[in-house]
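**Student:** Have a look at the structure that comes next, please.
The values are calculated or read from the model by the stated rules, or taken from the named source; none is laboratory data. Everything numeric here is computed off the predicted structure, so don't read it as measured data. Here the Cβ is made from the backbone with ideal geometry for all residues, glycine too, and neighbour counts use every protein chain on show. The protein model used for the area step is the full one, side chains on, heavy atoms only, and it has no ligands, DNA or RNA in it. Shrake-Rupley method; radii C 1.70, N 1.55, O 1.52, S 1.80 Å.
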Amino acid sequence: MSGRADAGAPVVLVHGIGMSHRYFRRLAAALRRRRTVIVVDLPGHGASPKPGRDVDVGEMARALAVVLAETGAGGCVLVGHSMGAQWVVETALQAEELVSRVVVIGPVVDDAHRTVFAQMRALAVDCLREPPRVNVVVFTDYLRCGVRWYLTQLRHMMTYPTEDRVARLRQPLLVLRGERDPIADVRWGRALAARTADGRFAQVGGAAHVAQSTAPLAVAARILTFAPSPDRAVS
């Protein structure tokens, strides 16, 4: 899906594990006032068919790079939420020429939650902090994804070395988290930003893990400030 063109780089939104483009609708609407927006469903998620084999983070990133190239989104601002943070970081490393800036929202896996039990417990806490409309989208997307594909991707999510891969980025990085996010804590977010040559960290007040849906205007403002259009850029 795409929005109207603008002088700035297009913004590409990448969902997390088990999810689809649906929980980006409010953020996409806010961003489309200023930018072209592309929202994808990666293999096995949302409307995209499931591959007949395992697909790890590296291969998922290669698939995303193909999408960027085919849609003419080179030089994009690549935004990933939750496990989507891993996919966008890996894409930015594999296809540097296609990605100008990287934004990760609620990135995983927090070094305090590196067991499946810890992840499930944090997810349960987050459900209590999200509004019902967000939980409906999350759990219906999980059902559509299916247990088998979710668990396949969970295994890759738990072993991907996010902080090591982030340290290799050449593009500027913005780490965003909701201030009430139980999945990606503030210490982790600051540490990821500090691992890069040009990293920044910001919090979204009042939001939990799915900040892009509960606080879309605030998230959009952070992204647009981080990657302004050329005519609005500040030296």
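**Student:** Would you confirm whether or not region 174-186 contains a residue that is open to solvent by 10 Å² or more (accessible area, probe 1.4 Å), within 18 Å of ALA207 (Cα to Cα) and part of a helix (DSSP H, G or I)?
**Tutor:** yes
**Student:** Looking at region 64-81, can you tell me whether even one residue there is within 27 Å of GLY205 (Cα to Cα), open to solvent by 10 Å² or more (accessible area, probe 1.4 Å) and of a type in the set (Ser, Thr, Tyr)?
**Tutor:** The answer is no; no qualifying residue exists.
**Student:** Also, I was wondering about something else. Which members of region 117-153 meet the condition of being farther than 30 Å from GLY205 by Cβ, touching a residue at least 60 places away in the same chain (Cβ under 8 Å) and open to solvent by 50 Å² or more (accessible area, probe 1.4 Å)?
**Tutor:** ARG144
**Student:** Would you mind telling me which numbered condition in (1) surrounded by fewer than 21 Cβ atoms within 10 Å (Cβ to Cβ); (2) over 15 Å from GLN153 (Cβ atoms) GLY106 fails?
**Tutor:** (1)
**Student:** Same structure, new question: Please determine, by comparing only the residues of region 41-63 that are charged (D, E, K, R) and either without any contact (Cβ under 8 Å) to a residue 60 or more places away in the chain or in contact with an Asp or Glu (Cβ under 9 Å, 6 or more places away or on another chain) (or both), which one is surrounded by the most Cβ atoms within 10 Å (Cβ to Cβ).
**Tutor:** Result: ASP41.
**Student:** Right, here's the next one. Could you tell me whether region 188-196 includes any residue that is among the hydroxyl-bearing types (Ser, Thr, Tyr), more than 17 Å from the chain's Cα centre (by Cα) and either crowded, with 23+ Cβ neighbours inside 10 Å or over 17 Å from CYS76 (Cβ atoms) (or both)?
**Tutor:** Yes, some residue in region 188-196 is among the hydroxyl-bearing types (Ser, Thr, Tyr), more than 17 Å from the chain's Cα centre (by Cα) and either crowded, with 23+ Cβ neighbours inside 10 Å or over 17 Å from CYS76 (Cβ atoms) (or both).
**Student:** I'd like the full set of residues that are under 19 Å from VAL89 (Cα atoms) and open to solvent by 30 Å² or more (accessible area, probe 1.4 Å), limited to region 10-40.
**Tutor:** Selection gives HIS21 alone.
**Student:** Right, next: Give region 157-171 a look and list any residue that's open to solvent by less than 20 Å² (accessible area, probe 1.4 Å) and either among the charged types (D, E, K, R) or outside any loop (DSSP other than H, G, I, E, B) (or both), or say none.
**Tutor:** Matches in region 157-171: MET157, THR162, VAL166.
**Student:** Okay, next question. Filter the strands (runs of 3 or more DSSP E) completely within region 21-137 down to those with at least 3 residues that are closer than 26 Å to ALA197 by Cα and under 17 Å from the mean Cα position of the chain (by Cα).
**Tutor:** Answer list for region 21-137: 76-81, 99-105.
**Student:** When you look at GLY58, is it farther than 16 Å from ALA227 by Cβ, among the small types (Gly, Ala, Ser) and at pLDDT below 95, yes or no?
**Tutor:** So GLY58 does not fit the description; no.
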